[in-house]
Structure formats: structure tokens, C-alpha cells
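Report on one structure; see the data block that follows.
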Amino acid sequence: TQSWLYTVAEYREFDLHVEYFAAKGGNSGVSLRDATRGKYAVGPTPNYDLTPAHHGYEIQILNGVQTKYPSGSIYLFAPAEFGHEKINDWNTLEIASRNEEIRITLNGHLVAKHPGDPARPKTGPIGLQLHDRFSVIQFRNLRIRELPKK
């Protein structure tokens with residue numbers, strides 16, 4: 001089953017720096033604006049139609065797997081450009097969350113952006129995912145910079 005670690009605080013406009021290490025084939029993600037805090041994605045019978053990617057946004061981490069939504073994708077919204085991820089090494093994600101756009105940079109390359117779904121929240125916590133018991137993921141050097149409220 002999935003596990004999620006969420007911030008207590010909720011964020012609106014921010015820049016998030018995340019470094020991650022996932023073994024080849026490892027599956028994880030970073031959740032943005034998910035007010036459910038992953039409650040439907042955990043437990044003995046998770047409902048995968050109600051995971052954080054269906055309430056807010058999930059930035060995909062799927063190390064070395066060429067699929068519709070590779071690492072850096074805004075899952076269900078904007079597939080990332082493949083080929084910028086380091087396999088079996090540390091990678092850097094830069095996530096820019098704005099009212100009007102979410103931009104994802106992977107190892108210095110802009111790989112995905114999306115204006116956001118008007119029906120989804122503009123504010124929420126940030127979460128880190130352990131997708132399943134077979135995946136290994138490590139995070140380090142997480143930094144959040146909130147933008148001043150306008």
C-alpha cells in the first residue's frame with residue numbers, strides 16, 4: 001500500500017526544491033494541493049481513483065521507466081519530456097507552483113508545465129510518496145520558498 005508524508009502547513013504559491021534517489025523502476029511522487037492528505041490511498045484497500053493525483057496534483061517519480069508519465073510529469077495532466085533523469089543516482093526536481101501555472105524542472109531541464117485545472121484547489125499541503133512496499137525512495141535537501149502574498 002502507499003504511504004504519504006505531508007506538511008502540516010498549506011501552501012499557495014511557492015518554489016520547492018527536492019532531491020531524490022530511486023532505484024531503477026522505483027515509483028514515488030510529490031503531491032501538491034491535496035486536501036485529503038492521501039487518506040484514500042492508504043490502508044488495506046486503497047481506492048486508486050481517489051489518490052492525491054485525483055484531488056490535487058502529483059509530480060511523478062518513476063525512475064528510468066519510459067511511460068506516458070515519466071519522472072517530472074504532472075500526472076494525468078502534462079507528460080514530462082523523457083531522458084533528463086539520472087538512473088540509480090540523485091536527481092533534482094524544482095517545482096514552481098503559481099496560481100496560473102505549475103512548472104517542473106528535472107536536473108536543470110524544464111520538462112513539464114500546466115496551467116492547472118480550475119476545478120482543483122489552488123492551496124494545500126505538500127506530500128512525499130512511497131508508492132508501494134517494493135519501491136525504495138530517498139529524499140534530501142528539501143527547501144520550500146513561499147512567495148509573498150499579493
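Please enumerate, by chain and number, the lysines with C-alpha under 19 Å from the C-alpha of LYS86, excluding those fewer than 8 residues away in the same chain.
Leaving aside lysines fewer than 8 places away in the same chain, those within reach of LYS86 are LYS24, LYS68.
Aspartates and glutamates within cross-link reach of LYS113: Cα-Cα under 13 Å, excluding same-chain residues under 8 positions apart?
GLU58, GLU81, GLU94, GLU100, GLU101
First select every other residue whose beta carbon is under 14 angstrom from the beta carbon of GLN129; then total the charges, Lys and Arg +1, Asp and Glu -1.
0
Taking a ≥ b ≥ c as the square roots of the eigenvalues of the Cα gyration tensor of the stretch 12-73, is the shape rounded (a/c under 1.5), prolate (a/b larger than b/c) or oblate?
Details: a/c = 1.94, a/b = 1.19, b/c = 1.63.
Note, shape of the stretch 12-73 comes out oblate.
For LYS149, give me every one of the lysines with a C-alpha distance below 19 angstrom, ignoring sequence neighbours fewer than eight places off in its own chain.
Partners found: LYS122.
Among the chymotrypsin sites (Phe, Trp or Tyr not before Pro) within the stretch 49-141, which fall in a DSSP loop and have no more than 13 other Cβ atoms within 10 Å of their own Cβ?
Filter output for the stretch 49-141: PHE134.
Can you bin the stretch 29-122 into rounded, prolate or oblate? Criterion: square roots of the alpha carbon gyration tensor eigenvalues sorted a ≥ b ≥ c, rounded for a/c under 1.5, prolate for a/b above b/c, oblate for the rest.
oblate
Checking the a/c ratio against 1.5 first, then a/b against b/c, what shape does the Cα gyration tensor give for the stretch 87-141?
Here the stretch 87-141 falls in the oblate category.
Every number in this text was worked out from the coordinates using simple rules, so none of it is lab data. Please read these numbers as outputs of a predicted model, since none were measured by experiment. As a convention, Cβ positions derive from the backbone with ideal geometry for all residues, glycine included, and neighbour counts pool all protein chains shown.
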